[in-house]
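This report refers to the structure that appears directly beneath it.
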Amino acid sequence: MKCYIHPDIDATHTCAECGRAICDACVMEINGKVLCRSCTEKLAGAQAPTQASAQNQPLAPPVSDSKLAPPTTKKEPILALILSFFIPGLGHIYDGLTKKGIYLIVAFVIICGLIFLTSAMTSFSTSISGSSSSPYACCSCIFFLAYLAVWIYGMYDSYISAQKINKGEKLEDKLF
């Protein structure tokens, strides 16, 4: 992860207030809390603290505000996986990948509906015909395999996405 002020320098700390990644040159420690310059200025009434030591003053010149990285928060990959275990797509929404999460939830609901429909049709056709085989039974199996694919993909991808977010990688919010 890179410093939000100096995108070419690796971050070594995270601001306790806003969650932004900061490098050693940008670290300000106030009352035992590691803060970025922006939060320090906010806490001090838009003025940098006068008691800060020389080592806490930024050494590199800041970049313009348009190049600042958004605040980052750590994601728990296990929590993303557990959420997707119960409802595929929920882990993606937790990860901040809302579109992908909604796509997976919609696919999950449609596939569950198709499984229910083909199972009902199978029961109905076997009760009317009296035979134990139905042309709809094969469809139920195919839809069940699709259900498993969406379920496993949702768990795997939400876990991997959370890990990538923690590494500071940019992710696109699209299905594939």
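The table for this structure:
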{"read-out": "Residue order, fewest to most beta carbons within 10 Å, for Leu97, Leu83", "value": "Leu83, Leu97"}
{"read-out": "Proxy reagent accessibility, fewest Cβ within 10 Å first, across Val109, Val34", "value": "Val109, Val34"}
{"read-out": "Proxy reagent accessibility, fewest Cβ within 10 Å first, across Met28, Met121", "value": "Met121, Met28"}
{"read-out": "Cross-link pairs Lys2/Lys99; Lys74/Lys100; Lys42/Lys167; Lys33/Lys170 - those with Cα-Cα distance over 21 Å", "value": "Lys2/Lys99; Lys42/Lys167; Lys33/Lys170"}
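Each value in this text was obtained by applying a stated rule to the coordinates, not by laboratory testing. Small disclaimer: the values here were computed from a predicted structure and weren't measured. Positions of Cβ are backbone-derived with ideal geometry, glycine not excepted, and every protein chain shown enters the neighbour counts.
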